[in-house]
Each structure stands twice: as structure tokens, then as C-alpha cells.
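Structure record follows, encoded as C-alpha cells.
Throughout, read-outs are computed from the coordinates displayed, never taken from laboratory work. Keep in mind that what you see is a predicted model, and the values were worked out from it rather than measured. So basically every Cβ, Gly included, is an ideal-geometry build from the backbone, and we count neighbours across all protein chains shown.
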Amino acid sequence: MSPTLFNKLLWMVGPSLFKKDTNMRRSIPVEQRLALTLRCLASGDCMRSLSYSFRIGHSTVSKIVNETCRIMYEILAPTYLQLPDTNMWKLISNDFSKIWNFPNCVGAGDGKHFAMQCPNNGGSYWYNYKGFHSMVMFAVCDANYCFIAVDIGAYGREGDARPSKLVYSDSLSPYVFVMDDAFPLKKNIMKPYPGRSTGSLTKEELIFNYRLSRARRTIENAFGIVTNKLRIFRKPMIGSPQNVENYIKAGVVLHNMLIREDSRFYLITKKLPDHFDVNGVLIEGAWRTDNTMTSMFRDLRPGKGINYPTVAKNIRDQFTKYFSNEGAVPWQRVIVEDTGRISEEEG
């Protein structure tokens, strides 16, 4: 974070963090409160270590971090995690079409398990099928790795938008979200064709999976970049479920603010995100080279035996035909024909 952006963040959240001096002692300055919290999120140091570094009592450090994370989310969310209106959804769709070659896409969604220490008296409530305690966050991001909605109930009614023409085509298609096998196929949720490992897919179905995989990389990158920059998420978080939720929320809005306000400093200089060359060849982002990423997040359990409506199948088939005809990109058949399958990670 640049000094300029730190000062802007301080200007936004400072008034809510300010505490009056008392007759007994002076209050901790808002600058120190914010710096302490950012240090906690960025380094992942335990509260006792931060206590020694900032010469503040252990219990006070914990209280400051939790309070500041909560206030950061409350202040920043209306600006940096605003629920899109109709015009914003259309702008998001345009970006997915221009950058990732998937028209009428309004977001890439995924859910992840955030590892946490077992809460007091938590029992098996927070224990997941992967064998550790966690809190699940579902998120949707735009084409530029910014989160546009977190938690499954935030965007539901907006997703089922009116149909719109596909680029270079007269065909009408609804706006959709792209997701992986953990989610059901619906008229506003597109997922890959099953059978990628068996070799039973047609060339057109492989191309559809490839195009969907390109768009889905945005949410994979969003989670990866957050963990690369905010190392508190690299190991099980210690705290009550409410405090863990505050850490995650603060991380989400801070990530969005840094991308929108200081993208070059935050992303581009270190080449963190995945990107493609002019021939469609994938160049993996720097965040993937960090082995600790694989130990942090866990995917949701893949859905099995989920029936999907005929209308959803028809919409996916429509996209499949479109990607192999007027919506084709020059490199897609080369990639599929050279490998016989999708060469990119399918989530």
C-alpha cells in the first residue's frame, strides 16, 4: 500500500476509530490503530507478537484489530463492495467479453473454506469434510479480480436479468455467472460439461469448457491474490467466529480498494494475476508460485447427482454453438486440438 493510499484510508476510517483521552491515560492514536490492523492482516502475526512490536497490551491489540476490521468493512463496503445496479452489471459483462472472451457473463463465482482454529465449545459445527475447522465464504468477482458480492444471498435476484444479444450474433442469451462443478447448472449459472477426464466430450464441448475456464480464472486469481497479500489467511485464524468473519470482510474490501485505487502498486508490478499472450497461451500469475497457497484454501465439495432444468441445458448448448461459430477466438481450436482436452486448470 502506498503512503498516499494509507492516508486516504486513514481519512475515511479515522473518525470512527478516534478515542478520547481520559484522566488516567492517553488514547492510542488512530494512525497506530490502523497501522497495527494492516500489519496484522498483511503479516499474519499473532496478537502476542504484535503486542511486543507495537508495545501495546495483548488484550488491547486483539480489541483494536477486531474493532478496526469491523469499522473498515462498514466504511469501505458502500464504496468498494457496492451491489451493482443495472448499468454496472452491463459494464461487468462488457469487461468479461473484452478481457476474457465470455459475453453476457456478469461474474465468476466460487466458495472457499477459510481455515480457523476450533472455537470454544464449537464441537463439530465448524468441522468440514476436508478434516479441519473452517468458515466458508462464497464470492463473486468481476473481470478485474474485484469482489462484487460476498455471501450467497447478496446478489440472487439481480442475477436473473433480461436476455441480451451475444457479441457478433443475433442470438439472445440471459446474463450468467460462471462457476465450477460444486454448483448446479441453472439458467443463470454456467458450469463445465462433465466427463473431461474420460475423453468423451466433443470438440465443441471442450471449447466451451476452455472458454468458461478462462472466465473462471478471475475468481481463482482473486482468492489467490488476497492470500498472497494478506497473509493472515495463510494459516488457521485464531478468534471467535465473529472475529474471523470481521477479518475476512476487512480483507475483501481492502483488496477491492487496492485494486481500484492502486492497481499498479498492488498487482501489475509483481505480475500477480494470470494473463494470456496474443496467441491465447496462459502465463500463470506470480501468486501461483507460492506453495503456501495450496495449503490455505479448500474448494467446496463437488456437487453430485444434481438434476438441472432443460432450459439451463439449452442455454449452455447455445453458448457452446456460439463459441464454435461466430463467437470463436483464433487460438481456441489450436489449444484443444494440440492437447485433446483443456490444458488449463478447471477449478
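Structure above, values below:
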{"item": "Cα→Cβ-extended label distance, 7 Å offset, between residue 39 and residue 125, nm", "result": "3.4 nm"}
{"item": "Ordering of 139-146, 258-265, 96-103, 182-189 by burial proxy (mean other Cβ atoms within 10 Å per residue, highest first)", "result": "139-146, 96-103, 182-189, 258-265"}
{"item": "Evaluated at q = 0.10, 0.11 Å⁻¹: base-10 log I(q)/I(0), Debye formula over Cα of the range 141-260", "result": "-0.43, -0.51"}
{"item": "For the chain, built as a Gaussian network whose Cα springs stay under 10 Å, the top-fluctuating residue of 321, 20, 112", "result": "20"}
{"item": "Among the listed pairs 19/63; 63/235; 187/249; 98/187; 165/271; 19/229, those beyond 25 Å (Cα-Cα)", "result": "187/249; 165/271; 19/229"}
{"item": "Rule-of-thumb Rg ratio for the chain [Cα; 2.2 N^0.38 Å; N residues]", "result": "1.08"}
{"item": "Whole-angstrom gap from the range 180-205 to the range 84-122, using each part's C-alpha centre", "result": "19 Å"}
{"item": "Tilt relative to the chain, helix 203-229 - C-alpha long axis, 0 to 90 degrees, to 10", "result": "10 degrees"}
{"item": "Charge-dipole axis of the range 165-261 as Lys and Arg at +1 and Asp and Glu at -1 on Cβ define it, positive-most pick from 213, 189, 242", "result": "242"}
{"item": "Inter-probe distance in nm under a simple model that places probes 7 Å from Cα toward Cβ, at residue 7 and residue 67", "result": "2.6 nm"}
{"item": "Extended-chain gain in nm, criterion 0.36 nm per residue less alpha-carbon gap, residue 118 and residue 169", "result": "13.1 nm"}
{"item": "Cubic angstrom per residue, convex hull over Cα atoms of the range 12-141", "result": "175 Å³"}
{"item": "Radius ratio Rg over Rh of the range 240-282, counting only Cα atoms, Kirkwood formula for Rh", "result": "1.20"}
{"item": "Amide H within-cut-off set for residue 149, under 5 Å, with H built and near neighbours excluded", "result": "140"}
{"item": "Percent RCO, i.e. relative contact order, over the range 4-54, from Cα pairs under 8 Å lying at least 6 residues apart", "result": "24 percent"}
{"item": "Estimated 222 nm signal from helices in the chain, with DSSP H stretches of n ≥ 4 weighted -39500 (n - 2.57), rounded to 500", "result": "-14500 deg cm²/dmol"}
{"item": "Gyration tensor (alpha-carbon) shape descriptor, the range 166-211, a/c threshold 1.5", "result": "oblate"}
{"item": "All Cα pairs of the range 22-96, percent lying beyond 16 Å", "result": "60 percent"}
{"item": "Gained length - residue 264 relative to residue 317, 0.36 nm times residue gap less alpha-carbon distance", "result": "15.2 nm"}
{"item": "Nearest-0.05 FRET efficiency for residue 290 and residue 325, computed from C-beta distance (R0 56 Å)", "result": "0.90"}
{"item": "Cα centroid separation, the range 1-78 to the range 224-252 (Å)", "result": "16 Å"}
